[in-house]
Amino acid sequence: MRTTWCFFLAIIPLVLSARVNELHIKQHQGIYSQVMEFSFNGTTEHVLVFPTSSSIYPYRIQAWSTNTSVNNPVLVVVRQEREVLSWQVPFVVDTSRRDTKIHFHNTSRTLCHNNMSKITKTKFGLRFLMKQLSQNFIVALSTSSVRNVNIFVKVEEERDFYLQDGSNYSITVSPSQTRYYYYQFPNNKSDTAIIEITSNDDVCLTVSIQDSYCPVFDLDKDISYEGKYQTINRKGGMSIRRRDFPDGFFLVFVAKADNYECNEKHSLLPHRVPDVKFENRTSMVEFTVIKGINAKDYGVASLITLGAIGGFYVLAIVMVFVFTRWGTISRFKKCQTTDVTDHDRDNEMVAEPILTEEDRRQLLQKKTLTVNLLARAPVKDRKRSYNYLWHILSIAIFYSIPVVQLVSTYQRVVNRTGDQDMCYYNFLCANPAWGLSDFNHIFSNVGYVFMGILFLCVVLHRHATISNSSTGVPIHYGVFYAMGIALIIEGILSACYHICPSQSNYQFDTSFMYVMAVLCMVKLYQNRHPDVNATAYATFTVLGLAIFLAMVGILNGTLGVWIFFVVVYSLLCAYISFKIYFISFVFDGFKQFKESLWAPGNKVEAIAPIKKSRFVLLLIANIINYAMLITGLCLYNSNVTDFGTFLLGLLMGNSVLYAVFYTGMKLVHGERICFEAIIYGLLGIICWASATVFFLDNATLWTVSPAESRQWNQECILLNFYDKHDVWHLLSAPALYLTFMFLLSLDDDLIDKKRCDITVF
């Protein structure tokens, strides 16, 4: 008897458990466009069978609840003919913080149309397919909760699912309510489609372009598995080619749980990051799809660009011909004769003449110097100038090869992964072609290459016209050839940078800008100081250190780096100032100053500079340099500029400052500016002023995150192909050519003047 009671006591829990776990399935007839409410627990599952629909629109299912929990959520399972879609209420989303998740009690998903393959292939419009379309699906609701939970379900058509060109759409997106739409390219109208996206809030979104087949990856955890995608917050854009999606594409919107991927913490550069906020993750998004350009538009824009460059070539060649035949240098050609004495002297003085201590003392004590005193080895100086050409050719080859390899790899990765956060394009005006995502920004650099070739041809013609002369300032053509090569390489490297502009390769775009700025200063200084001019070895060593320092400043712009830069720059300014004042004989200059200081007599006269005008000009130049340094520090601290651009501004500012100083000193010393230099200078100023207007209006900003950079994106403004930065390329190329021509012709007024009558300044 006791054994029997024990048996019954043992099976009672099993019987009770079986009754509790008994699942009742209740089937309901689904009703479209009507809210259906259910209250149930773990013992019941509700199955909603929706009638077959021939609608051309897919259906969107909304499910929300007010009393569900994360531990016992309501599972929503949608069974279609070819796939199953499932999620839970509340919807759990991971954040950038490892221990933080957020929950959403309001969810919605769009079902992929059962007949999407037919829809994408139709050529006669969707209305003709209505009798051939059918949609069948079942919605199952279940939970493991022991207490009753409420769930609300609504199924309705996604009426704006098929996007039309030029129409404005406004939607709401949250991490639990993703949206996607379908776009089909119109027949024979365009080869590209441009999507413009705007939002009035800072909610971080991922926008994806996926091929037109089911299933659609419309969750944060899987949206990057297919197609192209990018992060945006307030503004974004995408340019899609028909050849990549011949049957159309899905445009998918997914909101992030936080702004980690859209703020500066996602950037490679160190910046102050705001606190992560999780409230109000619903974003209001507006977007428009507009048709892009076709192959004919590409050809027209390219041919017009090449035609404009060809027209500039014709004008430039005519100007050179006229100036050579009837301009300032024509009088040199008429009276040019061979001076045997000077020729023999040049041949004998191949080696640099040895300056005795007394010679150096006399040079330092002279209040006024003439060019002949600093041009004692003309043949050696001319040969030494060609070191600039060979150095820059070697640097260009070894620098360009890894650059091309790296950016080509970047482009391949972008094409294969679809990750458009890798490159900082102006997505509202990025016209793809030949596997390149942003062809127009690459092609617009062609002007630098053609202008560089044109300048080399002009220098070659000038070299043949005026070869070796014992009058005028010494012309070192090697530096001019180096300037032309630098202009060509700048175009090539700028094009490489624009293949995939980013924080990690910005240096490619600016390195040869540094070179050109320094070469301009070297050439101006060489005009009056040929014997003591900086060698190519020293010049490119300093340039290499400057580029290295720019790289360090870009990657780690901390206070310590800035202090180091200020100290180094101050020492460099002091050293260059002493070199210029003492005509490169710094040691002898300080020795002479020490002797005069310790000698008996008036100490004020000993301290007073011998070359007062040179001292005052150097003092002014140093004051201006420190003003530029302080201004750059303030702009950097305000996040207005970056270290690389700041350093480039210093170099370019010094080159402009020296050019203005040199031109002014010519006028002070009674020299004139020939009309060729005036024309080239005025045209150059006009081009620079026009180009700068477009340069300052940025369309991208690589110092922030990709999403923040897109807030600067702008539409094309020229030929429906070029944006403002392209116009900067197209205008700055002839501006550089005209600047180089200004330097080439600046001293033409002295071409027949004896060097003993030309003042050094």
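The values are calculated or read from the model by the stated rules, or taken from the named source; none is laboratory data. Here the structure is a predicted model, which means the values were calculated and not measured. Cβ placement follows ideal geometry from the backbone for every residue including glycine, while neighbour counts extend to all protein chains displayed.
The residues in the range 493-508 that are in a helix (DSSP H, G or I) and either buried (at least 21 other Cβ atoms within 10 Å of the Cβ) or touching a strand residue (DSSP E or B) at 6+ places or on another chain (Cβ under 7 Å) (or both) can be counted, and the count is 8.
Based on what the data block shows, is V640 touching a His at 6+ places or on another chain (Cβ under 9 Å) and among the aliphatic types (A, V, I, L, M)? Spell out how you get there, then give the answer.
Numbers: touching a His at 6+ places or on another chain (Cβ under 9 Å): no; among the aliphatic types (A, V, I, L, M): yes.
So V640 does not fit the description; no.
Of all residues in the range 318-334, those satisfying the criterion of being free of Cβ contacts under 8 Å to residues at least 24 places away in the same chain and either touching a Lys or Arg at 6+ places or on another chain (Cβ under 7 Å) or of a type in the set (A, V, I, L, M) (or both) are V318, V322. Just one residue in the set L736, L746 is among the aliphatic types (A, V, I, L, M) and at pLDDT 95 or above; that residue is L736.
How many residues, within the range 427-437, are within 10 Å of S239 (Cα to Cα) and assigned to a loop (DSSP other than H, G, I, E, B)?
Final tally of qualifying residues: 4.
Working carefully through the options F312, F332, F323, find the one that is crowded, with 16+ Cβ neighbours inside 10 Å and modelled with pLDDT under 80. Can you show your working first?
Values: F312 fails: modelled with pLDDT under 80; F323 fails: modelled with pLDDT under 80.
Answer to the check: F332.
Give me a count of the residues in the range 708-761 that are β-branched (V, I, T), out of contact with any Phe, Trp or Tyr (no Cβ under 7 Å at 6 or more places or on another chain) and within 18 Å of S444 (Cβ to Cβ). Number satisfying all stated conditions: 1.
Just to be sure, is I304 at pLDDT 85 or above, outside any helix (DSSP H, G or I) and either surrounded by 13 or more Cβ atoms within 10 Å (Cβ to Cβ) or touching a Pro at 6+ places or on another chain (Cβ under 6 Å) (or both)? Explain how you work it out, then say what you get.
On the way: at pLDDT 85 or above: yes; outside any helix (DSSP H, G or I): no; either surrounded by 13 or more Cβ atoms within 10 Å (Cβ to Cβ) or touching a Pro at 6+ places or on another chain (Cβ under 6 Å) (or both): yes.
Judged against the criteria, I304 is not a match.
Residue count for the range 462-477, restricted to those that are buried (at least 23 other Cβ atoms within 10 Å of the Cβ) and in a helix (DSSP H, G or I): 0.
Look through S69, S108, S86, S117 and report the one residue that is under 28 Å from D220 (Cβ atoms), under 42 Å from the mean Cα position of the chain (by Cα), at pLDDT 85 or above and surrounded by fewer than 16 Cβ atoms within 10 Å (Cβ to Cβ). Talk me through it step by step, then tell me what you get.
Working: S69 fails: under 42 Å from the mean Cα position of the chain (by Cα); S108 fails: surrounded by fewer than 16 Cβ atoms within 10 Å (Cβ to Cβ); S117 fails: at pLDDT 85 or above.
After ruling out the rest, the residue left standing is S86.
Given S267, S239, which one is modelled with pLDDT under 80, of a type in the set (G, A, S) and more than 23 Å from C112 (Cα to Cα)? Explain how you work it out, then say what you get.
On the way: S239 fails: modelled with pLDDT under 80.
Among S267, S239, only S267 is modelled with pLDDT under 80, of a type in the set (G, A, S) and more than 23 Å from C112 (Cα to Cα).
In the range 448-466 there is at least one residue that is farther than 24 Å from L731 by Cβ, over 23 Å from the mean Cα position of the chain (by Cα) and small (G, A, S).
Out of the range 235-249, which residues are assigned to a loop (DSSP other than H, G, I, E, B) and of a type in the set (F, W, Y)?
F245
In the range 526-546, how many residues are assigned to a helix (DSSP H, G or I) and buried (at least 17 other Cβ atoms within 10 Å of the Cβ)? Steps first, answer last, please.
Of the range 526-546, the ones assigned to a helix (DSSP H, G or I) are 526-528, 536-546.
If we keep only those that are buried (at least 17 other Cβ atoms within 10 Å of the Cβ) as well, we get 526-528, 536, 539-540, 543, 546.
Counting residues in the range 526-546 that are assigned to a helix (DSSP H, G or I) and buried (at least 17 other Cβ atoms within 10 Å of the Cβ) gives 8.
Scanning the range 703-725 turns up at least one residue that is modelled with pLDDT of 90 or more and of a type in the set (V, I, T). Tell me whether the range 383-395 contains one or more residues that are hydrophobic (A, V, I, L, M, F, W, C), in contact with a Phe, Trp or Tyr (Cβ under 7 Å, 6 or more places away or on another chain), surrounded by 14 or more Cβ atoms within 10 Å (Cβ to Cβ) and modelled with pLDDT under 75. Looking for residues that are hydrophobic (A, V, I, L, M, F, W, C), in contact with a Phe, Trp or Tyr (Cβ under 7 Å, 6 or more places away or on another chain), surrounded by 14 or more Cβ atoms within 10 Å (Cβ to Cβ) and modelled with pLDDT under 75, one finds none in the range 383-395, hence no.
Just to confirm my filter: which strands (runs of 3 or more DSSP E) fall fully inside the range 130-223 and include at least 2 residues that are more than 30 Å from T52 (Cα to Cα) and modelled with pLDDT of 90 or more?
Numbers: elements: 137-143, 149-157, 168-173, 179-183, 192-199, 205-211.
Fully inside the range 130-223 and qualifying: 192-199, 205-211.
Scanning the range 54-110 for residues that are part of a loop (DSSP other than H, G, I, E, B) and of a type in the set (V, I, T) yields I56, T66, T68, V70, T95, T100.
Conditions (1) small (G, A, S); (2) closer than 28 Å to Y497 by Cα; (3) in a helix (DSSP H, G or I), marked per residue:
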residue	(1), (2), (3)
S385	yes, no, yes
H391	no, yes, yes
S394	yes, yes, yes
Q405	no, yes, yes
S408	yes, yes, yes
V414	no, yes, yes
D421	no, yes, no
Y424	no, yes, no
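When the range 629-649 is examined, which residues are found to be surrounded by fewer than 16 Cβ atoms within 10 Å (Cβ to Cβ) and in contact (Cβ under 8 Å) with a residue 24 or more places away in the chain? Answer for the range 629-649, where residues must be surrounded by fewer than 16 Cβ atoms within 10 Å (Cβ to Cβ) and in contact (Cβ under 8 Å) with a residue 24 or more places away in the chain: L633, N639. Among the residues of the range 499-546, the ones that are in contact with a Cys (Cβ under 9 Å, 6 or more places away or on another chain) and either touching a residue at least 40 places away in the same chain (Cβ under 8 Å) or among the aromatic types (F, W, Y) (or both) come to 6 in all. Y229 meets each of the listed conditions (1) at pLDDT 90 or above; (2) assigned to a loop (DSSP other than H, G, I, E, B) apart from (2).
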